[in-house]
Amino acid sequence: MTVYEISGQPHLAKQSLAEMDPNQLSPLTPEVISRQATINIGIIGHVAHGKSTVVKCLSGAATGRFKSEKDRNMTIKLGYANAKIFECDNDKCPRPRRFRSAGPSKEDVFPCDRPRCGGQFRLVRHVSFVDCPGQNSLMATMLNGTAVMDAALLLIAANDTCPQPQTSEHLAAISIMNLNSILVLQNKIDLVKEVQAKEQYQQIIDFLKGTNAEGAPIIQISAILKYNIEVICEYVIRKIPVPLRDFTSKPRLIVIRSFDINKPGTKVDDLKGGVAGGSIVKGILKIDQEIEVRPGIVSKDNEGRLQCCPLLSKIVSLYAEQNDLAFAVPGGLIGVGTKIDPTLCRADRLVGQVLGEVGALPEIYTKIQIIYFLLRRLVGVRTEGDKKGAKVAKLTKNEMLMVNIGSLCTGGRVLAIKDNLAKIQLTSPACVEVSEKIALSRRVNYDFRLIGWGEFRRGTVIKPQVEIPTT
Ligand SMILES: Nc1nc2c(ncn2[C@@H]2O[C@H](COP(=O)(O)OP(=O)(O)OP(=O)(O)O)[C@@H](O)[C@H]2O)c(=O)[nH]1
């Protein structure tokens, strides 16, 4: 095996491929959390309730905004920002001041700044915040994010009534993904009087009854004034369990972003391969490892049948934001530098694909059979008078749905329905594993709204054409 040691960033723990033993690693092992996030926390909630502002407070970084996002002051794509969370090791250091967050390249130990404390802030968690758009038309992007979340912060603005449509819809989406670890942040507390804040607090408790977030802690904050941000850090440590991770299975990464990092005009000989950004769901990816990306390049044959050519490549670099890695474990957004033709990675073209060890990824399907469950009522749309929302109608043969599988968002025509089984023809092929969760949405007015979920049972496999190696 190649001996690969990280040489940069001497203030972070060293990683060595030669010494790495998957059986000895955990999400809290120093050489892991010093460099990469190991817990993914979704930031969910209605549009403009302050999701991006909270992430900026916690991580010190804006969640990678694109020009169109800056122009419209809203999140359009999934944003990611990593933060290290520290606790002072002096038992007498009072809460919440003994908790602190900082960016991912901060050293792991530094002195507490409370006068005469004498304690040291020590790294206890390294978290990746997945910032979801709250705009109702961007639900597909939000659903892609739920595929990798371990926990969620639900933002509710104190100066709005609760619930707003996407507050309900985002909560329904994470419930479908069985996400029970939730903290509620009552934000913009600076904009309301105490009595209003208390009234809304009660509204929030009533709204959460019977949902996955019933009984979840509700923290009052002002993201803009950085008020109570240390309490969020404390609760992330105390209330969000460290996820159980599988480090020994063959690795698999869900691609959530992909990029061409070459500047325009770069000479052909100097071109770097494309980068796939995503979260590892199991196993460990290593520098120099041979990898496969599925479904790869999708096209149609002369008879209009879908065909695909998985991509074969090699990992040339691994990054967690600016921290370089010799190996990457589940959690956080990992940038995987490959030798794949950069044009195939440009502008998120690989989103929806799965990256892993060659020959170890699941089959690729075009028709899938799922066992499905529909929500009783529609969430995410304003319904005048009827506060509960319209009933969700049954699936009908030939109707077109939006289907989210991992980070893939595609169309799906309902071919047949029997009891709670449905057969769906996918517009784009999916690399999916038995029992994997699938979110189902239906067009309501002009946008797709979440109507239910399914679990993949079996399907019609497309055998890959040729696999395309990259040099
Ligand atoms: N007064 C006040 N304004 C806030 C607070 N938090 C956020 N804002 C403002 O609310 C607006 C929306 O904040 P964002 O953080 O962009 O909201 P968002 O939920 O990420 O928005 P989308 O991603 O588009 O759904 C911005 O103008 C923020 O400055 C707060 O605690 N108090």
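The values are calculated or read from the model by the stated rules, or taken from the named source; none is laboratory data. Predicted model, so just to flag it, every value in this text is computed and none were measured. All Cβ positions, even for glycine, are placed from backbone atoms using ideal geometry, and neighbour counts span all protein chains on display. All accessible areas refer to the heavy atoms of the entire protein, side chains included, with ligands and DNA or RNA removed. Shrake-Rupley method; radii C 1.70, N 1.55, O 1.52, S 1.80 Å.
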**Message:** To make sure I understand the rule: partners must be aspartates and glutamates, Cα under 16 Å from the Cα of K193, and not fewer than 8 residues away in the same chain. Which ones qualify?
**Reply:** D160
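From largest accessible area down, sort Y201, Y80; use a 1.4 Å probe on the protein chains.
Working: Y201 75, Y80 25 Å².
Order by accessible area, largest first: Y201, Y80.
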**Item:** Cys residues of the chain counted as unpaired, since no other Cys beta-carbon is under 4.7 Å
**Value:** C57, C132, C162, C233, C308, C309, C345, C409, C431
**Complete:** Expressed as a percent, the accessible surface of the chain that is carbon or sulfur, using a 1.4 Å probe and the full set of protein chains, is 50
**Asked** Per residue, how much accessible area does the chain show when a 1.4 Å probe rolls over the protein heavy atoms, in square angstrom?
**Response** 45
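Counting Lys and Arg as +1 and Asp and Glu as -1, each charge on the Cβ, what is the dipole of segment 90-135 about the Cα centre in debye, to the nearest 20?
Details: 10 positive and 5 negative charges, 69 e Å.
Charge dipole, segment 90-135, about its Cα centre: 340 debye, nearest 20.
Normalising by the residue count of segment 224-295, find the relative contact order in percent from Cα pairs under 8 Å and 6+ residues apart.
Details: 61 pairs, mean separation 25.2, N = 72.
Reported as a whole number, the value is 35 percent.
I need to check one value: relative contact order of the chain, counting alpha carbon pairs closer than 8 Å and at least 6 residues apart, in percent. Spell out each step's value before the answer.
Numbers: 1209 pairs, mean separation 70.8, N = 471.
Reported relative contact order: 15 percent.
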**Item:** Cross-link reach list, aspartates and glutamates versus K92, counting only Cα pairs under 17 Å and skipping chain neighbours closer than eight places
**Value:** D113, E230, E234
**Complete:** Violations at 30 Å Cα threshold for listed pairs K56/K263; K209/K239; K272/K367; K250/K367; K14/K188 -> K272/K367; K14/K188
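I need the per residue convex hull volume for segment 317-410, using only the alpha carbons, in cubic angstrom as a whole number. Spell out each step's value before the answer.
Details: hull volume 20.1 nm³, N = 94.
Roughly 214 Å³ of hull volume per residue.
Taking N as the number of residues in the chain, what value does Rg over Cα atoms divided by 2.2 N^0.38 Å take?
Compared with the compact-globule rule of thumb, the chain sits at 0.99.
Mind counting lysine pairs for me in segment 386-446? Cα separation below 21 Å, and the two need to be 8 or more apart along the chain or on different chains. Before the final figure, lay out each step's value.
On the way: K391/K418; K394/K418; K394/K423; K394/K437; K397/K418; K397/K423; K418/K437; K423/K437.
Lysine pairs, 8 or more places apart or on different chains, close enough: 8.
Suppose R0 equals 60 Å. What FRET efficiency, 1/(1 + (r/R0)^6) with r the Cβ-Cβ distance, do V434 and K92 give to the nearest 0.05? Before the final figure, lay out the partial values.
Numbers: r = 53 Å, r/R0 = 0.88.
Taking R0 as 60 Å, the efficiency between V434 and K92 is 0.70.
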**Asked** Based on the Cβ-Cβ distance of D21 and N178, what FRET efficiency does E = 1/(1 + (r/R0)^6) give at R0 = 25 Å, to the nearest 0.05?
**Response** 0.25
**Complete:** segment 252-361: spread of alpha-carbon positions along the three principal axes, whole Å, largest first, is 47, 37, 20
**Message:** If I take every Cα pair under 8 Å that is 6 or more residues apart in segment 252-361, average their sequence separation and divide by the length, what percent do I get for the relative contact order?
**Reply:** 40
